[in-house]
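Participant: My questions will all concern the structure given below.
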Amino acid sequence: MEKFNSLSGVAAPLPMVNIDTDMIIPARFLKSIKRDGFGPSLFYTLRYDEQGKERPEFILNQAAYRKASILVTGTNFGCGSSREHAPWALDNFGIRCVIAPDFADIFYNNAFKNGMLLIRLPQEQIDLLTKDAENGANATFTVDLTAQEITRPDGGKIKFDIDPFKKHCLLNGLDDIGLTLQKDTKIGSYEEKMTVAQPWLSAVR
Amino acid sequence: MAGPRTLFDKIWDAHLVDQQADGTCLIFIDRHLVHEVTSPQAFDGLRNTGRKVRRPDLTLCVPDHNVPTENRDKGIEEEESRIQVDALTRNCEEFGLTLFGMDDIRQGICHVIGPEQGFTLPGVTMVCGDSHTATHGAFGSLAFGIGTSEVEHVLATQTLIQTKAKNMLVKVEGALPVGITAKDMILAIIGKIGTAGGTGCVIEYAGEAIRNLDMAGRMTVCNMSIEGGARAGLIAPDETTFEYLKGRPMSPKGATWEAAEAYWKTLPSDPGAKYDIEVVLNARDITPMVTWGTSPEDVVAITGAVPDPAKIADEGKRKKMERSLAYMGLKPGMAMQDVKIDKMFIGSCTNSRIEDLRAAAVVAKGRKVAGHVQALVVPGSGLVKEQAESEGLDKIFTDAGFEWRDAGCSMCLAMNNDRLKPGERAASTSNRNFEGRQGPGGRTHLLSPAMAAAAAIKGHLADVREFDA
């Protein structure tokens, strides 16, 4: 997994609540069997009209935000399906950090598995950052994971909380599966114990 | 021994393989359902690292999202869909996994076939790369959706890294009025708690109205937990659960069944168990529900009207409502029963079981679908289809002008050819009314199977209570 330590970049404001995974990437774009190439489909309906032409009013189509790497958005971002294509699409586009009052659970997990940082902040602070982000290319934020701190364009700082294990994995770019396989003996003894205690659990075929 | 525990606490404790000092847990996964859309990248990951599937015996694979619901014998016309389904077949061969392929009578929507086969059992942990995995919670199984990275993690290790969610109790007291279904109940619950009301929680559904539901109804309720923000929903196992499971192909048999049942009876929450959040509804207040907007929380009684954004104080919510109404092409104050539909869809992991089809057939029998409506009935599995045909339901539907299709996810998310055209409006028994969910520009009203059939016949949203059986 890609490491996440510190990120400086343009932040795009998208002040809508309940942005669902179908909005992030519609189901018809989930037919690839690869992990990449989803960037052009990100926010498809918001981003393109019926003819597939860019909607100039959509934030990521505006010159200042075409290379945005941070998104500041509304609560319950990523609600809906479990499709990891949603964080893949954001990541493929270049967005590595999303800041919102809250996120849907499955999306939240999925994003971290891809080395992305999601930050929860109270609405008042989101409002401040949204205003900052509206300043176009001048709206550069610096997100420092080690210090758990966002530096605003005016130099002001906002602190954020994060689960210590998620932080540890991001900072070191750790592969979850590799970590878990180090506990192979524990998994093995759990399996042995349960095969005896609850024989109906195994060999269901 | 700790104090009184909830059903969720008990399942969690029984599956803990390891707990780190920071609270991060490693839990064992007893059942893994795999479908074609969210798995190919996970299998690639295994190949790239030379890893195997740790427990093929706990893994069941089925194509459902992409499969066509007509002319199956011709295969899958669309190339990308075919590639995904073929990839699943190849991956199952390579990693030695059980597959119910497109030509297998047992093929169907993963959340329909798991229970049908007895793969789903009380007290197990169960995952799938699909958010509606919560369905299986109807059996008292801790079941939740995961992303593709986690699918790979489960394939490789049969475990997941998790932090424990909060306990939430949703109690529905009293008995449901006649004609009110599990779908109306869960829509009412989501309307009350909101689409993020269960975020960070596992919801346990309890109370007389829940207890009185059959397994299909319980699955409908648990299925839409995710629409209320909760990754999992649970209902304590009881005689209704055991009755359903006994004799299923993968259910335990003989003495093992006896031992399993004895264990399952210890699972219900202890008296005095603590919940972080409690919500109570009275079943008598629930009426047939429909959605008016583009979030599952946008619910209203069928006797109600489209809400007015001008009356919403909160700016964010008002904007969201204005956007929804513009997308849906609805005006504030319009009676829901005046909303004309173009298509009707009975199907999806929410409502495609034999009980759902029977409820719709009662309304359809001897009537005709309105001339301007295309109505699709898509059974949840090949076996549901077979059962329905043995009861003559297919004949009732086709005589009334409904199309009788093959099993799959179909128009719930429109990954196959079943979809809405821009601007078309559907009465749908599925679970999401998001913008573009059933096709770009398509408009969705969620409702129960009986209400969907009523809408197809009237040509507009209608109150099923006005239909005589």
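The values are calculated or read from the model by the stated rules, or taken from the named source; none is laboratory data. Note that the structure is predicted; figures quoted are calculated from it, not measured. Heads up, the Cβs are rebuilt from the backbone with ideal geometry, glycines too, and the neighbour counts pull from every protein chain shown. Accessible surface is based on the protein model in full, side chains and every heavy atom, while ligands, DNA and RNA are left aside. Shrake-Rupley method; radii C 1.70, N 1.55, O 1.52, S 1.80 Å.
Participant: In the list A:16, A:1, which residue meets the criterion of being in contact with a strand residue (DSSP E or B) (Cβ under 8 Å, 6 or more places away or on another chain) and either within 29 Å of residue A:150 (Cβ to Cβ) or not aliphatic (A, V, I, L, M) (or both)?
Facilitator: Working: A:1 fails: in contact with a strand residue (DSSP E or B) (Cβ under 8 Å, 6 or more places away or on another chain).
Going through A:16, A:1 in turn, just one is in contact with a strand residue (DSSP E or B) (Cβ under 8 Å, 6 or more places away or on another chain) and either within 29 Å of residue A:150 (Cβ to Cβ) or not aliphatic (A, V, I, L, M) (or both): A:16.
Participant: If a residue has to be within 14 Å of chain A (Cβ to nearest Cβ), out of contact with any Lys or Arg (no Cβ under 8 Å at 6 or more places or on another chain) and of a type in the set (S, T, N, Q) to count, how many in the range B:205-234 make the cut?
Facilitator: 1
Participant: Criterion first (open to solvent by 50 Å² or more (accessible area, probe 1.4 Å), modelled with pLDDT of 95 or more and among the hydroxyl-bearing types (Ser, Thr, Tyr)) does residue B:266 satisfy it?
Facilitator: Yes.
Participant: When you check residue B:73 against the structure, is it part of a helix (DSSP H, G or I) and at the interface with another protein chain (Cβ under 10 Å from one of its Cβ atoms), yes or no?
Facilitator: no
Participant: Name the pairs: first residue in the range A:147-169 and without any contact (Cβ under 8 Å) to a residue 60 or more places away in the chain, second residue hydrophobic (A, V, I, L, M, F, W, C) and open to solvent by 40 Å² or more (accessible area, probe 1.4 Å), Cβ to Cβ under 8 Å, at least 6 apart or on different chains?
Facilitator: A:152/A:128; A:158/A:128; A:168/A:174
Participant: Do we find that residue A:48 is in contact with an Asp or Glu (Cβ under 7 Å, 6 or more places away or on another chain) and either more than 27 Å from residue B:413 (Cα to Cα) or without any contact (Cβ under 8 Å) to a residue 40 or more places away in the chain (or both) in this structure?
Facilitator: It is true that residue A:48 is in contact with an Asp or Glu (Cβ under 7 Å, 6 or more places away or on another chain) and either more than 27 Å from residue B:413 (Cα to Cα) or without any contact (Cβ under 8 Å) to a residue 40 or more places away in the chain (or both).
Participant: Take the range B:202-231 and flag every residue that is part of a loop (DSSP other than H, G, I, E, B) and either crowded, with 24+ Cβ neighbours inside 10 Å or charged (D, E, K, R) (or both).
Facilitator: Matches in the range B:202-231: B:214, B:229, B:230, B:231.
Participant: Can you tell me how many residues within the range B:36-52 are within 31 Å of the chain's Cα centre (by Cα) and over 12 Å from residue A:31 (Cα atoms)?
Facilitator: Number of matching residues: 6.
Participant: Within the range A:15-32, which residues are closer than 16 Å to residue A:48 by Cα, touching a Ser or Thr at 6+ places or on another chain (Cβ under 8 Å) and more than 7 Å from chain B (Cβ to nearest Cβ)?
Facilitator: Those that are closer than 16 Å to residue A:48 by Cα, touching a Ser or Thr at 6+ places or on another chain (Cβ under 8 Å) and more than 7 Å from chain B (Cβ to nearest Cβ): A:25, A:29.
Participant: Please tell me if residue A:78 is open to solvent by less than 30 Å² (accessible area, probe 1.4 Å), closer than 23 Å to residue A:33 by Cα and in contact with a helix residue (DSSP H, G or I) (Cβ under 6 Å, 6 or more places away or on another chain).
Facilitator: yes
Participant: Here is a list: B:21, B:87. Which entry is part of a loop (DSSP other than H, G, I, E, B) and within 12 Å of another protein chain (Cβ to nearest Cβ)?
Facilitator: Of B:21, B:87, the one residue that is part of a loop (DSSP other than H, G, I, E, B) and within 12 Å of another protein chain (Cβ to nearest Cβ) is B:21.
Participant: Got a number for residues in the range A:164-201 being surrounded by 14 or more Cβ atoms within 10 Å (Cβ to Cβ), facing another protein chain (nearest Cβ under 8 Å) and not aromatic (Phe, Trp, Tyr)?
Facilitator: The number of residues fulfilling the criteria is 13.
Participant: On the given criteria, is residue A:115 at pLDDT below 95 and within 14 Å of chain B (Cβ to nearest Cβ)?
Facilitator: no
Participant: Check every one of the strands (runs of 3 or more DSSP E) wholly within the range A:108-178 and list those with 3 or more residues that are β-branched (Val, Ile, Thr). Write out each step before concluding.
Facilitator: On the way: elements: A:117-120, A:140-144, A:149-151, A:157-159.
Result: A:140-144.
Participant: If you don't mind, there's one more thing I want to ask. For the range A:81-95, what are the residues that are more than 8 Å from every other protein chain (Cβ to nearest Cβ), part of a loop (DSSP other than H, G, I, E, B) and crowded, with 20+ Cβ neighbours inside 10 Å?
Facilitator: The one that is more than 8 Å from every other protein chain (Cβ to nearest Cβ), part of a loop (DSSP other than H, G, I, E, B) and crowded, with 20+ Cβ neighbours inside 10 Å: A:95.
Participant: Please count how many residues of the range B:51-70 are more than 26 Å from residue B:120 (Cα to Cα) and within 12 Å of chain A (Cβ to nearest Cβ).
Facilitator: 1
Participant: When you scan the range B:99-201 for helices (runs of 4 or more DSSP H) that lie fully inside it, which ones turn up with 2 or more residues that are within 14 Å of another protein chain (Cβ to nearest Cβ) and either at pLDDT below 95 or open to solvent by less than 10 Å² (accessible area, probe 1.4 Å) (or both)? Write out each step before concluding.
Facilitator: On the way: elements: B:110-117, B:148-157, B:182-193.
Qualifying helices (runs of 4 or more DSSP H): B:110-117, B:148-157.
Participant: Go through the range B:440-469 and give me each residue that's under 17 Å from residue B:347 (Cα atoms), assigned to a strand (DSSP E or B) and either free of Cβ contacts under 8 Å to residues at least 24 places away in the same chain or open to solvent by 10 Å² or more (accessible area, probe 1.4 Å) (or both).
Facilitator: Matches in the range B:440-469: B:443 only.
Participant: May I ask you to list the residues in the range B:52-76 that are open to solvent by 20 Å² or more (accessible area, probe 1.4 Å) and over 18 Å from residue B:413 (Cβ atoms)?
Facilitator: B:52, B:54, B:55, B:56, B:57, B:71, B:72, B:73, B:74, B:75
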